[in-house]
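Below is one structure, written out as structure tokens, with a few remarks after it.
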Amino acid sequence: MLVVDAGGAPAPALAAVCALAALAQAARLALWKPWRTLRHPLVWVLHAAYAWIVVYLALRAGAALDLVPASAATHALTVGAVGGMTLGMMTRTARGHSGLPLTPGAAETAGYVLLNLAALARVATPLLWPAAYLPAVAVSGALWALAFVLFVWRFAPILLRARADGRPI
């Protein structure tokens, strides 16, 4: 996709490549059976983040044909995929390196939900209700920030002390 995009290929070619990539990544995600991980937030948050890559690719195909704003695709990738992977991996790594069990609590799970709601608000609202663009950006930013504030609130005290299991870091 990058070669087609950077090479200045015609919009229909870029759209086709992006659409095929979206289908391929959706098929890959389906093979992981993400619906079976709903009781395991440390896993479903990563699957949700990966799903935002599929959304990005589909929206990028639409943007190449001027069907949707390119910013919708960009925010699916950045807010949803990058934000979700970052928060999910930070939580997993913080728990693992502090000697805590790899089972997130309510604060972490709430953060995962807030982050995905932020991505949904930022991507879907301008597509479905363009007049609400500015409020959607504000709501999305607040939800995204709150997700990471919850992480800091939950893990700063844990990461600033010795491991729970007494082992060295």
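Here, each number is a calculation from the coordinates, and none is a lab measurement. Everything quoted here is computed from the prediction, not taken from an experiment. All Cβ positions, glycine included, derive from the backbone under ideal geometry; neighbour counts span all protein chains shown.
Some notes on this structure:
- C-alpha long axis of helix 133-159 to longest principal axis of the chain, angle in °: 30
- Rounded if a/c under 1.5, otherwise prolate or oblate - the chain, Cα gyration tensor axes: prolate
- Approximating the spin labels as points 7 Å out from Cα along Cα→Cβ, the T103-to-A138 distance works out to 4.1 nm.
- Here the label points at A110 and R161, each 7 Å from Cα along the C-beta direction, are separated by 2.0 nm in the simple model.
- Dipole magnitude (debye, nearest 20) for the chain, charges at Cβ of Lys, Arg, Asp, Glu: 680
- Note: relative contact order over segment 105-169, using C-alpha pairs below 8 Å and six or more positions apart, is 39 percent.
- Only helices enter the 222 nm calculation for the chain: every DSSP H run of n ≥ 4 contributes -39,500 (n - 2.57), and dividing by all residues gives -24000 deg cm²/dmol, rounded to 500.
- Rounded to the nearest 10 degrees, the inclination of helix 11-31 to the longest alpha-carbon principal axis of the chain is 40 degrees.
- Centroid-to-centroid, using Cα positions, segment 31-55 and segment 116-169 are 17 Å apart.
- Folded to 0 to 90 degrees: helix 41-64 orientation relative to the chain principal axis, Cα: 20
- Each of T37, M89, A76 was placed along the dipole of segment 2-159 (beta-carbon charges, centred on the mean Cα), and the one lying farthest toward the positive end is T37.
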